[in-house]
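In what follows, a structure is listed as structure tokens, so that the remarks can point back to it.
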Protein chains: 2
Amino acid sequence: MWTCRNGVMTHVTNSIFKDGYPFYLNTIMFAPAVIGQGTPEQQAIWLKKALNYEIIGTFAQTELGHGTFIRGLETTAHYDPRTQEFILNSPTLTSYKWWPGSLGHTANYAIVVAQLHTQGVCHGIHLFIVQIRDEETHEPLPGIKIGEIGTKLGMHTINNGFLGFENVRIPREHMLMKYSKVLEDGSYVRSPSNRLTYGTMIFVRVVMLQHSAFYLAKASTIAIRYSAVRRQCTIKPGELEVQILDYRTQQYKLFPYLAASFAIRFTAICSWNMYSEVIAELEGDLERLPELHELLCCLKAICTTIAAHGVETCRLSCGGHGYMTCSNLPSLYGFAAGACTYEGENTVMLLQTARYLMKAWQQAVGGMAMTPTVAYLKQAISGNNGLQYWDNSTACIVRGFQEVAAGKIKQCAENMSKRIQEGFSPQDAWNMTSIELVQCAEAHAHAFIVEKFVTSVAEFNASVSLKTVLTQLSDLYILFSLLHNSGDFLMYTNMKPVDVSNLQNQMEIILSQLRPNAVGIVDGFDFHDETLRSALGAWDGQVYERMFEAASKSPLNKDPLNESFQKYLKPLLKSNM
Amino acid sequence: MWTCRNGVMTHVTNSIFKDGYPFYLNTIMFAPAVIGQGTPEQQAIWLKKALNYEIIGTFAQTELGHGTFIRGLETTAHYDPRTQEFILNSPTLTSYKWWPGSLGHTANYAIVVAQLHTQGVCHGIHLFIVQIRDEETHEPLPGIKIGEIGTKLGMHTINNGFLGFENVRIPREHMLMKYSKVLEDGSYVRSPSNRLTYGTMIFVRVVMLQHSAFYLAKASTIAIRYSAVRRQCTIKPGELEVQILDYRTQQYKLFPYLAASFAIRFTAICSWNMYSEVIAELEGDLERLPELHELLCCLKAICTTIAAHGVETCRLSCGGHGYMTCSNLPSLYGFAAGACTYEGENTVMLLQTARYLMKAWQQAVGGMAMTPTVAYLKQAISGNNGLQYWDNSTACIVRGFQEVAAGKIKQCAENMSKRIQEGFSPQDAWNMTSIELVQCAEAHAHAFIVEKFVTSVAEFNASVSLKTVLTQLSDLYILFSLLHNSGDFLMYTNMKPVDVSNLQNQMEIILSQLRPNAVGIVDGFDFHDETLRSALGAWDGQVYERMFEAASKSPLNKDPLNESFQKYLKPLLKSNM
């Protein structure tokens, strides 16, 4: 399943770099930005160097004081027509670039996002390739202030850095000019469309979906294998202690997130296909770009949230031992949790999608044609939500997710209108409604994910037995998601309280059906021990031996007696006798 | 608010030891166990030494292969009447003690939980005081195998350790013999009641509630102060960037967990009072002990879960900067998340309470007298759940939480009966129903917490203005909790879908009412900067200056050029040119 090129790359780098790959930004951000924003000439120069690892690039957008609001970035690039150079400056402390991966020690080039000034006018943010370190000595170049930002929750081997500029001059040709341009004399040529800059963002977010599925698959593998080894308590007096995987509560922690790893994986595949289609159209028709962009915003938010929550649930399911670094679950959580705030903070992402959904609702009400991902709004308009009955079937539940989304979108649109009618400005009304707007976008994303999961499994070309298991996984996922939002279904669909008990029962049956195959499913991911890096999740199940071996390597066990005894502890103990 | 003795202690140790206090187990476990289980003579010797820091004790119960199921512990203590000694052994790898705090390097004594064997009979687990290191040299004593278990998600300065025994002899008087005894000739005298050993567990769990409130208060302080400093985007074009605390979505992340810190704090106070009353009775009447024990099991689980989730929500609300160690939020999460698995894994805790609730339901159905914490089940029995109407009032919602709990308990009892009638054994029926049993115990805990919060605020002796704010906090907490479980209320109370929208609206109004006081409330916790240890949450609001200062101290910035360049990076870059 993970044998796509990106998967292999992630496998290999994971087995070398425990907490992140320090060249990752070069591949995932620097090169794609050159492709997306560079002229053919620029691509010829920089892409070759980057992909060939002759230089190591990073992408420097976020500043110490500015993340989400890109228009507010403070770094400046003033064009000097006399020398045909841009002069970069960091005018304030808050304008220092902060966070770029690899920047601390690895990268020697950066794509820097800065406010372009030419002929006395600021034209907003543009991208510039800046050399930051000498290619021979790796020393920072004059005017470049650079360093590492300090320790973090995770991703310890990605040396995130800071970067400041003091009159740093770069050639005019170092501005990425595929669309907007600055001519030799300093004249500014505007991009034909600002939609064109979406490409890299969408690409990165599709990759993030793949990673979210990957983190969940790894965490599930570790926790399910451990749960087959670990024994605890007796269900029946006199019998052997039970494998904890036999406890229904343990299955309820693990199997829904195992299923979620498939749900997100199929979502990623569908998004990748949509992305590829749109990119093929990019030079011509741009109509589908906004829809894809808005879709990826909410999918990025929801999938990274599910992954972070799922990894942590897997970690907690291993009890105290999941707290140990040697389980590798804390490190996986560091990755999964980081993704909730980088490349677009999740709440901001959801509000971005909500804005699109509000427009789509108006279009649906106005009887206009709808793009595919919001076509379900049409049905919601055409009276009683399209559904006359509720039969607990998979198809019914999938439609139910769309009805919930449509119901919430409608409610938000009404609340917005009401507040505007009461005299609030549209901006204030938006802020006042924003909690529900976030929930709209969440519901929209869930509706997309469950539909793609169910459809992908139905269309998947597999043996009957494999298809049975995949169907159990997709059924489990939709039931689990529904039951976690039962209030929404009771409010916005024809589901009744009695259905909740029946669906709960259905879900519990699927948990028991998945139990015998659980270890087989995660073995099927084919993670090597070197990639999993987990004493709890290794192939051979020698959990306790491996934990002991890991502990024996702790630096604190190097000397039998820590020097702190003579220095601090003994004086304390003796002073009190 | 945090000026109680335990609070002061936590403050002081927090400002010295960043990630945990290495003498903590001596105070919180070793000494209380001596008090709870030691004879007056044993207390006279060991309590004085421990509280005076002449020795450092820890508590060694959990083993590498055994946590929850204490009866399954493998460490043995065989009594030898010839020398009047116990001989301790670790017969297997899985029997090694694993996890005790301070054990790695600090402690020189441990209370060891082991299977007592005397006169050829195993009498189950008992507590033994074992010297593990020489008092002068701190070297491990003969037969003692000891070390540190390696790095973890958090609590880095608590040196958790492992411990194995090979024929370690200790005097007979080192068995804690307040209740069970072994006489000189090896005869065993049974404890008058096994309830008597609950005391220390209950005490520790009450302290854990206090800590959960403390973690939430700290995280809220950091995130709310940061949100008042951080500015992002404009709500209205042309205006200054907005303090992110003005965003309704940000308030929705932060204020409910600020309120939760108060909810848990009041729950802890009520539990402490109940504990003190019961302890005063301990020598005589033990009737209230099981109720208190079962209550603390579910409160421990729910409060630590809320705290972990709340700390993480606060962390995420700070965007990328919350990911940095210098925010101190990752460390706080390490504490809060650890509490979900230590001192009783949370799911196990909830199932423990559920067992009590199932018995209580049978008693209620049988018309028997009910103890106070489950008295609400009586009302549920007496037809249509006691409630004829739903009016969205606080009193109504508090009763609603009890109705949800009663409804879920009733449903579980019915499902259990049904499964037993279908031919499943009671043990299998229990396992099959366990997902819902966990939810019963959660609902029971929530009902207790909201009732105590509302009642405590109502009875709190404060100025009108302070009381207004406290009432806003308790109202917010109950509305937030209800809306997160709206499905349960739609199923088990007379609340209708239309009420959900109204309650959502009420909650949003309270968020806006709390906004002007939010910084004041967290300032009122009076955390010193030394205790908060957060660049984002410091009193002066100099967020960016402090982040920069913290980064400048990173060991990776010591040399401008990391040695890895010459060793690894340069050869890579040059090989590709």
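The values are calculated or read from the model by the stated rules, or taken from the named source; none is laboratory data. Computed from a predicted model, the values in this text were never measured in an experiment. Counting neighbours? That spans all protein chains shown, and the Cβs are built from the backbone with ideal geometry, glycine included.
One table, with the values for the structure above:
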read-out: Residue match in the stretch B:6-27 (condition: farther than 27 Å from B:H156 by Cβ and modelled with pLDDT under 90); value: no
read-out: Test result for A:K145, surrounded by fewer than 16 Cβ atoms within 10 Å (Cβ to Cβ), closer than 29 Å to A:G334 by Cα and basic (K, R); value: yes
read-out: Residue selected from the stretch B:353-372 under the condition closer than 17 Å to B:N431 by Cβ and surrounded by fewer than 20 Cβ atoms within 10 Å (Cβ to Cβ), by the criterion farthest from the other protein chains (Cβ to nearest Cβ); value: B:M358
read-out: Enumeration of residues in the stretch A:226-247 that are outside any loop (DSSP other than H, G, I, E, B) and either of a type in the set (S, T, N, Q) or surrounded by fewer than 21 Cβ atoms within 10 Å (Cβ to Cβ) (or both); value: A:S227, A:A228, A:V229, A:R231, A:Q232, A:V242, A:Q243, A:D246
read-out: Some residue of the stretch A:292-308 being surrounded by fewer than 24 Cβ atoms within 10 Å (Cβ to Cβ), in contact with a helix residue (DSSP H, G or I) (Cβ under 9 Å, 6 or more places away or on another chain) and modelled with pLDDT under 95; value: yes
read-out: Wholly enclosed strands (runs of 3 or more DSSP E) of the stretch B:28-100 bearing at least 1 residues within 14 Å of chain A (Cβ to nearest Cβ) and not acidic (D, E); value: B:57-60
read-out: Neighbours by Cβ (under 7 Å, 6+ apart or cross-chain): first from the stretch B:220-248, within 12 Å of chain A (Cβ to nearest Cβ); second part of a loop (DSSP other than H, G, I, E, B) and among the acidic types (D, E); value: B:R231/B:E241; B:Q232/B:E241; B:C233/B:E241; B:T234/B:E241
read-out: Meets criteria (away from chain B (no Cβ under 13 Å) and on the phi < 0 side of the Ramachandran plot) for A:E291; value: yes
read-out: Number of positions in the stretch B:249-276 that are among the polar types (S, T, N, Q) and facing another protein chain (nearest Cβ under 10 Å); value: 3
read-out: Filtered residue count, the stretch B:326-348, keeping only those that are touching a residue at least 60 places away in the same chain (Cβ under 8 Å) and in a helix (DSSP H, G or I); value: 14
read-out: Candidates B:G154, B:G150 - the one that is without any contact (Cβ under 8 Å) to a residue 24 or more places away in the chain, out of contact with any His (no Cβ under 9 Å at 6 or more places or on another chain) and buried (at least 18 other Cβ atoms within 10 Å of the Cβ); value: B:G150
read-out: Among the residues listed as A:N494, A:N502, A:N517, A:N485, the single one being more than 10 Å from every other protein chain (Cβ to nearest Cβ), more than 18 Å from A:S227 (Cα to Cα) and modelled with pLDDT of 95 or more; value: A:N502
read-out: Hits in the stretch A:565-577 (condition: facing another protein chain (nearest Cβ under 7 Å), modelled with pLDDT under 90 and assigned to a helix (DSSP H, G or I)); value: A:L572, A:L573
read-out: Given (1) under 27 Å from B:Q250 (Cβ atoms); (2) assigned to a loop (DSSP other than H, G, I, E, B), index of the condition A:G104 fails; value: (1)
read-out: Flag if A:S465 is of a type in the set (S, T, Y), within 24 Å of A:V365 (Cα to Cα) and surrounded by fewer than 24 Cβ atoms within 10 Å (Cβ to Cβ); value: no
read-out: Elements of type helices (runs of 4 or more DSSP H) in the stretch A:388-472, at least 3 residues being without any contact (Cβ under 8 Å) to a residue 12 or more places away in the chain and under 27 Å from the mean Cα position of the chain (by Cα); value: A:434-459
read-out: Subset of the stretch B:131-158 [assigned to a loop (DSSP other than H, G, I, E, B), facing chain A (nearest Cβ under 9 Å) and within 21 Å of B:Y24 (Cβ to Cβ)]; value: B:E135, B:H138, B:I149, B:G150, B:T151, B:L153, B:G154, B:M155
read-out: Failed item, numbered, when A:K178 is tested on (1) within 30 Å of A:R533 (Cα to Cα); (2) assigned to a loop (DSSP other than H, G, I, E, B); (3) more than 14 Å from chain B (Cβ to nearest Cβ); value: (1)
read-out: Count of the stretch A:422-470 residues which are in contact with an Asp or Glu (Cβ under 8 Å, 6 or more places away or on another chain) and within 11 Å of chain B (Cβ to nearest Cβ); value: 3
read-out: Check on B:L479, at pLDDT 95 or above, within 13 Å of chain A (Cβ to nearest Cβ), surrounded by fewer than 22 Cβ atoms within 10 Å (Cβ to Cβ) and touching a helix residue (DSSP H, G or I) at 6+ places or on another chain (Cβ under 8 Å); value: no
read-out: Meets criteria (charged (D, E, K, R), in contact (Cβ under 8 Å) with a residue 60 or more places away in the chain and surrounded by fewer than 22 Cβ atoms within 10 Å (Cβ to Cβ)) for A:E85; value: yes
read-out: Breaking point among (1) under 28 Å from B:I381 (Cβ atoms); (2) touching a residue at least 12 places away in the same chain (Cβ under 8 Å); (3) surrounded by fewer than 21 Cβ atoms within 10 Å (Cβ to Cβ), for B:Q504; value: (1)
read-out: Some residue of the stretch B:523-531 being within 13 Å of chain A (Cβ to nearest Cβ) and of a type in the set (S, T, Y); value: no
read-out: Pick from the stretch A:231-261, criterion charged (D, E, K, R) and in contact with a strand residue (DSSP E or B) (Cβ under 7 Å, 6 or more places away or on another chain), ranking: modelled with the highest pLDDT; value: A:R231
read-out: Yes/no for A:P330 being facing chain B (nearest Cβ under 9 Å), out of contact with any helix residue (DSSP H, G or I) (no Cβ under 6 Å at 6 or more places or on another chain) and not hydroxyl-bearing (S, T, Y); value: yes
read-out: All helices (runs of 4 or more DSSP H) inside the stretch A:476-563 with 3 or more residues being of a type in the set (V, I, T) and on the phi < 0 side of the Ramachandran plot; value: A:497-514, A:518-523
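Listed here are the residues, each with its yes/no results for (1) modelled with pLDDT under 95; (2) crowded, with 22+ Cβ neighbours inside 10 Å; (3) within 30 Å of A:K558 (Cα to Cα); (4) under 23 Å from the mean Cα position of the chain (by Cα).
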residue	(1), (2), (3), (4)
B:A110	no, yes, yes, yes
B:C122	no, no, no, no
B:G164	no, yes, yes, no
B:I170	no, no, yes, no
B:E173	no, no, no, no
B:L196	yes, no, no, yes
